[in-house]
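One structure below.
The values are calculated or read from the model by the stated rules, or taken from the named source; none is laboratory data. All figures in this text were calculated on a predicted structure; none of them were measured in a lab. Positions of Cβ are backbone-derived with ideal geometry, glycine not excepted, and every protein chain shown enters the neighbour counts. Remember, those area values only see protein heavy atoms, side chains included, never the ligands or the DNA or RNA. Shrake-Rupley method; radii C 1.70, N 1.55, O 1.52, S 1.80 Å.
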Amino acid sequence: MKHLIHALALACFVPFFATAQAQEIGTVNFDFDSAELDATAMAKIEEIANKLKSIDSYKPTVVVGYTDAVGSAGYNLGLGQRRANAVANALTAHGVPVDRVGLVESRGENDLLVSVATPERRNRRVNVTLEQMMAACQDYRAVPLTQRSIGSELQGDLKARLTTAATSFQQFQSDGLNTAAFQVAGAARETCEIAVAYDMGAFRKLEYSQRCFCNAARLDVALGKIPPA
C-alpha cells in the first residue's frame with residue numbers, strides 16, 4: 001500500500017501526459033533511404049484513410065516514422081520525420097481532416113521490428129495509430145476532449161472507467177483502507193458517474209468527461225497500472 005500512496009504522490013508532480021497503448025490502424029513501408037510513396041504505399045495510405053474516416057473516433061491520429069539501422073542516428077531521425085510527414089500529408093489529401101492528424105514524429109532507428117544492422121524493409125515504416133487518452137493527469141482541463149468528441153464511443157469509454165473506479169472503490173472500502181488511492185477511486189467513481197449520466201447534448205457533459213478521464217488516469221497511476229512518469 002505504501003507503493004500505491006507513493007505512486008499517487010509522484011503523479012501530482014508529473015507536468016505532462018504519458019500515452020497509454022495506442023490502437024493500430026496501419027503501417028506504410030518504404031524503399032531503402034527513401035521517403036517517397038510508391039504505388040504500394042499509396043494503396044496502403046488510401047486503405048488507412050478510409051478506415052480512419054469510417055471509425056469517426058474522437059481520439060487523435062498519431063503518425064510515427066521509423067528507419068532501419070543503416071546510417072547515423074541523426075540522419076535516420078530526419079529520414080523518419082520525412083517519412084512521417086509524407087504519410088500525414090497523403091492522409092489529409094485523401095480526406096482525413098487536418099485537425100484529426102495529431103502527433104507527427106520520428107523515432108528514427110529506435111524500436112526496430114527486426115533487430116539487424118543491415119537494410120530491412122520491415123524496419124523502414126510509418127505506423128498510424130489512434131492515441132488512447134492520456135495517463136498521469138495533472139489538470140482535467142488539459143484532457144484533449146472537445147464537444148465534437150461526445151458520442152457513443154466516448155460514452156463507452158466513460159462507462160468502462162466508471163466500472164473500474166467503482167470496483168476499486170468497493171475493494172478499498174471492503175478492505176477498510178482509507179488511503180489516498182481510496183480517495184482518488186472515490187473521485188473517479190463520482191465524476192465518471194456524473195459524466196455517464198449527462199445527456200449527449202448536456203452543456204457540462206464535456207467538463208465531467210474530462211474530469212472522469214483525469215481522475216481515472218490518477219487511479220491507474222495509484223494502482224500501478226501506469227508509471228507516474
Answer with yes or no whether S72 is open to solvent by 80 Å² or more (accessible area, probe 1.4 Å) and on the phi < 0 side of the Ramachandran plot.
no
Flagged pairs (Cβ under 7 angstrom, 6 or more apart or on separate chains; first in segment 150-171, surrounded by fewer than 15 Cβ atoms within 10 Å (Cβ to Cβ); second among the polar types (S, T, N, Q) and not in a helix (DSSP H, G or I)) are E153/S57
Among the residues of segment 172-200, the number that are touching a residue at least 24 places away in the same chain (Cβ under 8 Å), open to solvent by less than 80 Å² (accessible area, probe 1.4 Å) and under 21 Å from R141 (Cβ atoms) is 7
Kindly indicate whether any position in segment 58-65 is closer than 17 Å to E24 by Cα, aromatic (F, W, Y) and either touching a Ser or Thr at 6+ places or on another chain (Cβ under 6 Å) or part of a loop (DSSP other than H, G, I, E, B) (or both).
yes
Pairs with Cβ under 7 Å, 6+ apart, first in segment 136-149 and more than 16 Å from Y58 (Cα to Cα) and open to solvent by less than 50 Å² (accessible area, probe 1.4 Å), second of a type in the set (K, R) and at pLDDT below 90
C137/R218
Search result, residues across segment 93-135 that are in a helix (DSSP H, G or I) and either in contact with a Phe, Trp or Tyr (Cβ under 6 Å, 6 or more places away or on another chain) or surrounded by 14 or more Cβ atoms within 10 Å (Cβ to Cβ) (or both)
R100, N123
Within segment 190-229, can you find the residues that are of a type in the set (K, R), under 19 Å from the mean Cα position of the chain (by Cα) and outside any helix (DSSP H, G or I)?
K225
Could we say that A216 is touching a residue at least 40 places away in the same chain (Cβ under 8 Å), in contact with a Cys (Cβ under 9 Å, 6 or more places away or on another chain) and surrounded by 17 or more Cβ atoms within 10 Å (Cβ to Cβ) here?
yes
